[in-house]
1. What are the residue pairs meeting all of these: first residue in the range 110-127, first residue assigned to a helix (DSSP H, G or I), second residue among the β-branched types (Val, Ile, Thr) and surrounded by fewer than 17 Cβ atoms within 10 Å (Cβ to Cβ), Cβ atoms under 6 Å, and 6 or more apart or on different chains?
2. Cβ-Cβ below 6 Å, separation at least six or inter-chain, first residue in the range 69-84 and on the phi > 0 side of the Ramachandran plot, second modelled with pLDDT of 95 or more: which pairs?
3. Mind counting the residues in the range 144-159 that are under 17 Å from Leu8 (Cβ atoms) and either among the β-branched types (Val, Ile, Thr) or at pLDDT below 95 (or both)?
4. Give me the residue from the range 131-157 that is part of a helix (DSSP H, G or I) and out of contact with any helix residue (DSSP H, G or I) (no Cβ under 8 Å at 6 or more places or on another chain) and, out of that set, surrounded by the most Cβ atoms within 10 Å (Cβ to Cβ).
5. Scan the range 60-89 for residues that are more than 15 Å from the chain's Cα centre (by Cα), among the acidic types (Asp, Glu) and modelled with pLDDT of 95 or more and report the count.
6. Would you please name the residue that is surrounded by the fewest Cβ atoms within 10 Å (Cβ to Cβ), looking only at residues in the range 87-112 that are within 24 Å of Asn35 (Cα to Cα) and of a type in the set (A, V, I, L, M)?
7. What are the pairs with Cβ atoms under 8 angstrom where one residue, in the range 42-54, is at pLDDT below 75 and the other, located anywhere, is part of a helix (DSSP H, G or I) and surrounded by 10 or more Cβ atoms within 10 Å (Cβ to Cβ)? Sequence gap at least six, or different chains.
8. State all residues of the range 1-36 that are of a type in the set (Ser, Thr, Tyr) and part of a loop (DSSP other than H, G, I, E, B); if no residue qualifies, say none.
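The values are calculated or read from the model by the stated rules, or taken from the named source; none is laboratory data. Source: prediction; values computed, not measured. Cβ placement follows ideal geometry from the backbone for every residue including glycine, while neighbour counts extend to all protein chains displayed.
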Amino acid sequence: MSTTTLLLQKQNFKFSAAHFLIFDAHRAERLHGHNYQVKVDITVPPEADLIKQGYFIDFNEFKKQIKKRLDQWDEFVLLPKDHPEMHIQVKGPSLEVRFRERYYVFPKNEVVLLPVTNTSVEQFSRLLSADFYEMFKSFGVQRVRVSVEETRGQGATTVAGPEFN
């Protein structure tokens, strides 16, 4: 029995975002940005009738959903709402953020608070792979593998599917 994996790596599978990594109790990066590139591999079920139809699905079904999801992070500040030292308060149209000795004020509609303790490529790939698996499992996909690069050749990959959840 063979396995087929659809490979989706398009130029527009990207998001540009600001973030900072928290390394330990004393060190964290300064706020900065990246142009993240995303690759999505989708493993289809072995019983998919690839021979009869010649294909599993029109790639556009997945590409539209991937792009729409990535656009939710594009041109935003991404912050880890679950880090114990991250204190976030809404003040009218603003978001006040206190992290250790730092104090930021952002327009609240320009920030995405993520359910993570750090805004790393490891966490981004984990969140996206889980989201894409949930989005695509109704098509019968077995597994979704997502790679997120913050710069060419530097990133992380996470696999989501029934045996990984």
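1. What qualifies is Ser125/Thr157.
2. What qualifies is Glu75/Ser16.
3. Residues meeting the conditions: 6.
4. Once the filter is applied, the top-ranked residue is Tyr133.
5. 2
6. Val105
7. Once the first residue is at pLDDT below 75 and sits in the range 42-54, no partner that is part of a helix (DSSP H, G or I) and surrounded by 10 or more Cβ atoms within 10 Å (Cβ to Cβ) comes close enough.
8. Scanning the range 1-36 gives Ser2, Thr3.
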